[in-house]
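Enquirer: Provided herewith is a single structure, encoded as structure tokens, for subsequent inquiry.
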Amino acid sequence: MRVALLAYIKPKENVTNWSDQFEDDTFAEWDSIETVQAVCDALNSHPDVECEIVEAIPEIALPRLMVRKYDVVFNIAEGMRGASREAQFPAVMEMLGIPYTGSGPLTLATALDKARTKEVLMHHGIPVAKFTTSKDTQTTLAKLLPEAEYPVVVKPLSEGSSKGVKNSSFVNNDAELRAEIQRIATDYNQQAIIEEFLPGREFTVAVLGNGANARVLPIVEIKLSELPKEANGIYSYEAKWIYDVRDNPLDIFACPADLTPELQKEITETVLRTYNVLDCKDWSRIDVRLDKNGKPNIIEVNPLPGILPKIEDNSCFPKAARTAGMNYNQTMLGVLKAGCERYGIKF
Ligand SMILES: Nc1ncnc2c1ncn2[C@@H]1O[C@H](COP(=O)(O)OP(=O)(O)OP(=O)(O)O)[C@@H](O)[C@H]1O
Ligand SMILES: [Mg+2]
């Protein structure tokens, strides 16, 4: 089976030094060549798979896809431009009739917009924090979200990989609120989403498979007590990429999370409903936090989850899969298998 691994690869000058690459978050969502090669090797570990990397630069990828020499595309392309950037290649592949792994354009575009995602979830009665969006740098919380109280979290509306979720995103008053809306408008040229702060435990949940066969892998807890105080209880950009480095990793994860059977069940059910309501395909990682009543709320959905291959890089999807007994190769092949099953492709 001929597989194209479609990925945006971080420019080399940004990855010569592990800690340097995160000073500027421009390419934070993209994959390093190290990761892309590891995924390709994982897929090639199956005797029936012949995988090659296709860089998702339109000039390179479009002609190669149009020749239609691939049986399936393994899509990890995070996109380059615009709020529908993750949906663009899946839409092209649908147009060309090429099978691909992972969610479709509607799901990818929705999930990249944290407000749209929550609107859909609310419609289906899935708990989310109170929220609104704004670009108004003169506003107040009373105007924006009268039913909410400080603290709130202020984030870019349409980013991933913790881009723009800084320690300062935890906001306690109107002056900080305005400063954060301004920061997001200046640095990311987009609206901010303002959410009531969920004070409870935080989990991230990997899902593999489809529909009624989708299953949750062992739940990862982000031990907020292990974060430096300046992170303000949020798993911020600094926490993810600056405090937690290969030379000095943060011991921040527990997998499987220590949960009562009731909470385990409640998180699992909420996550699987979210996955299916948004029509996620093959795999996703869904972030959850408990509200003040201990109820799991959905923070956001990642239909293209991070998949750093090295254990010490603390990537949560591979971590959950490892706890379930799957090594990296088996995990990537599990995603490919889920995709192929949907299209009736045997391998
Ligand atoms: N409403 C909230 N209440 C409490 N903490 C929050 C809230 N929203 C976000 N956070 C914190 O900020 C972190 C990053 O937020 P979020 O997951 O929305 O950003 P992201 O950049 O899309 O993340 P990822 O790196 O998982 O793609 C969360 O893991 C959580 O710790
Ligand atoms: Mg997240």
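Quick note: the coordinates plus some simple rules give every number you see, no bench work behind them. Nothing here was measured: the structure is a model prediction, and the numbers come from that model. Cβ: placed from backbone, ideal geometry, glycine included. Neighbour counts: every protein chain shown.
Enquirer: What's the FRET efficiency of LYS265 with ASN293 using the Cβ-Cβ distance as r and R₀ = 22 Å, to the nearest 0.05?
Expert: Here the calculated transfer efficiency is 0.85.
Enquirer: With a ≥ b ≥ c taken as the square roots of the eigenvalues of the C-alpha gyration tensor of region 202-343, please select rounded if a/c is under 1.5 and otherwise prolate if a/b is larger than b/c or oblate if it is not?
Expert: oblate
Enquirer: What are the GluC sites (Glu not before Pro) within region 72-157 that DSSP puts in a loop, where the Cβ has at most 15 other Cβ atoms within 10 Å?
Expert: Sparse-neighbourhood loop GluC sites (Glu not before Pro): GLU147, GLU149.
Enquirer: Using the Kirkwood radius over C-alpha pairs as Rh, can you work out the diffusion coefficient of region 135-199 via Stokes-Einstein at 4 °C, viscosity 1.567 mPa s, in µm² per second?
Expert: So the translational diffusion coefficient is about 112 µm²/s.
Enquirer: Quote to one decimal, in nm, the extra length available between ILE242 and GLU55 on full extension: 0.36 nm per residue of separation minus the C-alpha distance between them.
Expert: Contour length minus the Cα-Cα distance gives 64.6 nm.
Enquirer: If you take the charge dipole of region 202-343 about its Cα centre, with +1 on Lys and Arg Cβ and -1 on Asp and Glu Cβ, which of LEU259, ILE307, ALA338 is farthest toward its positive end?
Expert: Ranked along the dipole, the leading option is ALA338.
Enquirer: Roughly how tilted is helix 174-188, in degrees to the nearest 10 and between 0 and 90, from the longest Cα axis of the chain?
Expert: Computed tilt is about 30 degrees.
Enquirer: So what's the convex hull volume per residue for the Cα atoms of region 2-108, in Å³?
Expert: That works out to 101 Å³ per residue.
Enquirer: Need one number: nm distance between label points at LYS223 and MET80, each 7 Å from Cα along Cα→Cβ, rounded to one decimal.
Expert: Placing both labels 7 Å along Cα→Cβ, they lie 4.3 nm apart.
Enquirer: Now for a different question. So what is the relative contact order of the chain, in percent, for Cα pairs below 8 Å that sit 6 or more residues apart?
Expert: Rounded, it is 18 percent for the chain.
Enquirer: Between region 49-79 and region 247-324, how far is it from one alpha carbon centroid to the other, in angstrom?
Expert: Spelled out, the Cα-based centre of one part sits 29 Å from the other.
Enquirer: In the structure displayed, which of LYS163/LYS223; LYS130/LYS166; LYS69/LYS118; LYS155/LYS337; LYS281/LYS310; LYS143/LYS292 lie more than 27 Å apart, Cα to Cα?
Expert: Checking Cα-Cα distances, LYS69/LYS118; LYS155/LYS337 exceed 27 Å.
Enquirer: Can you give the charge dipole size of the chain about its Cα centre, rounded to the nearest 20 debye, using +1 on the beta carbon of Lys and Arg and -1 on the beta carbon of Asp and Glu?
Expert: 820 debye
Enquirer: A further question follows. Going by alpha carbons, how many degrees (0 to 90, nearest 10) lie between the helix axis of 85-96 and the longest principal axis of the chain?
Expert: With rounding to tens, the tilt is 30 degrees.
Enquirer: Moving on. Taking the inverse of the average 1/r across all pairs of different Cα atoms in region 67-183, what Kirkwood radius in Å do you get?
Expert: Across region 67-183, the inverse of the average 1/r is 16.4 Å.
Enquirer: As an exercise, find the ratio Rg/Rh for the chain from alpha-carbon atoms, using the Kirkwood inverse-distance average for Rh.
Expert: The Rg/Rh ratio comes out at 0.95.
Enquirer: Let me ask something else about it. How large is the charge dipole for region 128-196, taken about the Cα centre, if only the Cβ atoms of Lys, Arg (+1) and Asp, Glu (-1) carry charge, to the nearest 20 debye?
Expert: Here region 128-196 has a charge dipole of around 200 debye.
Enquirer: So if R0 is 30 Å, what FRET efficiency would ASP251 and ALA175 give, r being the distance between their Cβ atoms, rounded to the nearest 0.05?
Expert: Efficiency, from the Cβ-Cβ distance: 0.30.
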